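A short worksheet on the structure shown next.
Values in this text are rule-based calculations from the coordinates and carry no lab data. These figures come from a predicted structure and were not determined experimentally. Virtual Cβ from ideal backbone geometry, glycine too; neighbours counted across all protein chains shown.
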């Protein structure tokens, strides 16, 4: 699942692909024994920049407050993450734990606390076992290295596999690399619908510009996926740029800025797709493309409504090209459009046009749902804007995972 | 499931409980053989009034256009309903079918077409078999009688049981009765499944006033239920008042109008609860009460967000008092509130208060989820407004039903 640019040799995937980043993932028993649950990602280079996108859930978890403050205040060079406990809805004590995690990691790394971001994912409403976190941080600092796979594992919850991506582009005559790692919905505890992503680059990038690249790409990637419609209080995407590539710092006006922006977006898009594909209980990745809309926001709203509809998701699982449910989800999305101008496709099979069922063989339409990647396309006759959203099917397994007791 | 007023003798439940209404339900093979799938409800009295609430889904089905026109234009005395095919997304031919259904029923009943409402529920994107509908209408007219149970059956789709309710109140010295019948099951997130409800009364009621009673009650009953978040293009609540009770026509200013309004709401609330309880695959009715909000709309949004969350619904199914998911759904609902001022209860067990987990025995909280009716309460510290929403649990059976609905 690596976004490869054949022009440029890429040594490895993930958050340690860009120069100057090292990582570790260790087991410290936050919630369960015997699995990696504490990750550390660190840039050896000082003087970089960082940007962050945080959940819009009002119930913002404690680590997000601490990380938001850190990115706002200065240049974040490290992030420490635990899985198992989300440290959300934990009040003042939870906030103290998040600051504690930050201070412990900073002390071990020889940094100021404000240079360390923190993130948590797991069950809501439980307190972090700070003694274990402390031991884990010490182990992680000792284990820091080029291999990002331990970190990629440590941040997982009910995910069934790690999610890493990488892209490289030429910027001001230098090759810069963008790497990323993410976790999606998740195994140990059904409360773990958090998504976390950590994206790194060895490019030198002006801070405001970096935030712009992150926000734009987040809107078009992570904000376009859905597994179950439940937005977590712990969602976080952190982007760190350390300048190790030696390029002139990128600004909005740099000729190569668009290429850099696209590299960031390509990494995030790949991670977003992998999160959807690995949604709890999912057997299929569903890509929904909406074209011909008046504006991108409307196209995105329509695409997300389809990708998020329980009925559409169950139909995909059942390999039933039930296009009425697709049209129906568009109808209640809140976007205004003329249903008479809509064309709907399952894969290449046109199923609806001109306000009526389009003549087609239902078996042929159903067959487009047989694989593990499904494409549904809606073409509106309203304008030229388009958007893509990603989701997954709804399965009995999703219910089993999320109906089972928290232990 | 009858709302009984012990002061007043009520002979039967459902839409034929008020004087002057008769009904029938027949099998005409719209989609499947051997089950009732065409219903007719008829008032012998002329000169009544009618009101209607229709789906907000942009993809409004053909019968809704026809019924909207009829209620707008005059006094509807009959409604003909089929199940099996929704007559939605069927273009010009679909509209002609809906008008055809209306005209056929009117001719058989000796009415003007504009006195007949039509409704459909079932698969989207298929055409009505008009020859079967025509035969069904003839059979239904011949079968009209006092017993509403055949009608209650004929309008069902994946519902597992019929839904009827009745209430009676004294109005201007006369006993007036309000009866109702509904179907629900899937695609239920009414914003005025398909949900259909037909409410009748023998009260004489001014038309504007009747529409006011219907709209207010719809907002507090059917607009507060959810099965799967999918708003159908066929949702319809029709209220017919035929004046057979002989009361002075009720207007907004009548001293007994509030009592009448409450009777209408009580019938609709009972039907709404029954729709939630019988949601596709559901094993439990979930009642979510939000108190202490700044205004009723905010309370309703919060209550619906909790009732609609897949993760909350799966937790209820698993009898896991996973209050973090409840708080989380409130957090992403879009309503602004102070999480530190929230108290959460499963049944009588307080699980969260003052921004932190409230000390409680998890087994005791889980035990409140063991029955077939579950109550979750959120108390905010913001104001005095409250609202109740109803939903159901999310089960493997929901996925099974919707993975194979068309086949």
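Here are a few things to note about the model shown:
- Candidates A:282, A:135, A:263: whichever shows maximal mean-square fluctuation once chain A is modelled as a Gaussian network with Cα springs under 10 Å: A:135
- Overall dimensions of segment B:248-407 as given by Cα atoms, namely Rg and Dmax in Å: 17.6, 58
- Shortest-first distances to equivalent copies, position residue A:383, nm, label 7 Å out along Cβ: 3.4
- The stretch between residue B:174 and residue B:92, if pulled fully straight at 0.36 nm per residue, gains 24.9 nm over its current Cα-Cα span.
- Over segment A:58-158, Cα pairs under 8 Å with separation of 6+ residues give a relative contact order of 35 percent.
- Pairwise alpha-carbon distances in segment B:118-187 exceed 18 Å for 56% of all pairs.
- Converting the Cα gyration tensor eigenvalues of segment A:10-97 into ellipsoid dimensions via √(5λ) gives semi-axes, longest first, of 24, 20, 11 Å.
- In the elastic network of chain A, a GNM with C-alpha springs shorter than 10 Å, the most mobile of A:159, A:372, A:139 is A:372.
- Note on residue A:131 and residue A:112: the extension gain reaches 4.7 nm, defined as 0.36 nm multiplied by sequence separation minus the Cα-Cα distance.
- Descending principal axes extents, segment B:62-182, alpha-carbon based, whole Å: 49, 35, 26
- Position residue B:294: other-copy label points at 2.9 nm, ordered by increasing distance, label point 7 Å along Cα→C-beta.
- By DSSP, the beta bridges lying fully in the protein assembly as shown are antiparallel in about 70 percent of cases.
- Within 10 Å of the Cβ of each residue in B:84-97, the mean number of Cβ atoms contributed by other protein chains is 3.
- Of all DSSP beta bridges in chain A, antiparallel share, percent nearest 5: 70
- For residue A:147, the point set 7 Å out from Cα toward Cβ sits 7.6 nm from its twins in the other copies, listed from shortest up.
- Distance between segment A:100-149 and segment B:24-53 - C-alpha centres, whole angstrom: 66
- Coordinate range of the alpha-carbon atoms in chain A per principal axis, descending: 68, 54, 34 Å.
- Helix axis angle, A:62-73 relative to chain A longest principal axis, alpha carbon, degrees: 70
- Rg over Rh, two decimals, the protein assembly as shown (C-alpha only, Kirkwood Rh): 1.03
- The distance between label points at residue A:397 and residue A:296 comes to 3.4 nm (points 7 Å beyond Cα on the Cα→Cβ vector).
- This ranking places B:120, B:83, A:149 by how few other beta-carbon atoms lie within 10 Å of each, fewest first, which gives A:149, B:83, B:120.
- Comparing A:358, A:143, A:314 in a Gaussian network model of chain A where C-alpha atoms under 10 Å apart are linked, the largest mean-square fluctuation is found at A:358.
- Spin-label pair residue A:32/residue B:160, simplified geometry with 7 Å Cα→Cβ offset, distance in nm: 3.2
- Degrees between helix A:91-109 axis and first principal axis of chain A (Cα, 0 to 90, nearest 10): 60
- Legend: mean number of C-beta atoms from other chains within 10 angstrom of residue C-beta atoms, peptide B:200-207, equals 0.
- Within 10 Å of each Cβ in A:333-340, the average number of Cβ atoms from other chains: 2
- Quick note on segment B:356-407: its Rg to Rh ratio, both from C-alpha atoms and Rh being the Kirkwood radius, is 1.13.
- Across every pair of non-identical alpha carbons in segment A:211-341, the mean reciprocal distance, once inverted, gives a Kirkwood radius of 16.8 Å.
- Counted by neighbouring Cβ atoms within 10 Å, the residues A:268, A:130 run from fewest to most as A:130, A:268.
- Sequence-separation-based contact order of chain A, relative, with Cα cut under 8 Å and 6+ spacing, percent: 18
- Residues A:206, B:37, arranged from fewest to most other Cβ atoms within 10 angstrom of their Cβ, appear as A:206, B:37.
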